[in-house]
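First comes the structure, then the notes that go with it.
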Amino acid sequence: MTSYMGTNFASYMGTNFASAFGIRYMNQAGQQELRDTTSWELSTRVIGGVIMTYGDDRAWCCRLDWPPYRVVLVPIAGGETVDTVRKAVRDLARRLKAEGIRAHVDPSPGVAR
């Protein structure tokens, strides 16, 4: 729909934004590097198109029980902090689930599990 409406643009900003705001990450060799960034523009026309697509004559229906999770936790750690972060994230996920909030710990490689 966004390509049809011609309103969604992605801009690759390289490391310009990261350089201006000091956004860095630690690579696998343990060295700090500037982060490549992108910018996604979203217009009110896109939001209107979504409402027109998923709405009806009464209202826009956007039920919160549709997505499988309401919270996704992404543990990011390295070195000696991996176990501490892993324990804290699992504890937080457990507490959220106890409150009835659908939480999930991201199992992606390269993050503390």
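The values are calculated or read from the model by the stated rules, or taken from the named source; none is laboratory data. Predicted model, so just to flag it, every value in this text is computed and none were measured. So basically every Cβ, Gly included, is an ideal-geometry build from the backbone, and we count neighbours across all protein chains shown.
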Any chance Ile47 is under 24 Å from Ser108 (Cα atoms) and outside the structural domain of Ser108 (by TED's automatic domain parsing): no
Given (1) surrounded by 11 or more Cβ atoms within 10 Å (Cβ to Cβ); (2) closer than 25 Å to Ser11 by Cβ, number of the condition Val72 does not satisfy: (2)
Long-range neighbours under 7 Å by Cβ, at least six apart or interchain, first residue on the phi < 0 side of the Ramachandran plot within region 93-110, second at pLDDT below 95 and among the hydroxyl-bearing types (Ser, Thr, Tyr): Arg102/Tyr69; Ala103/Tyr69; His104/Tyr69
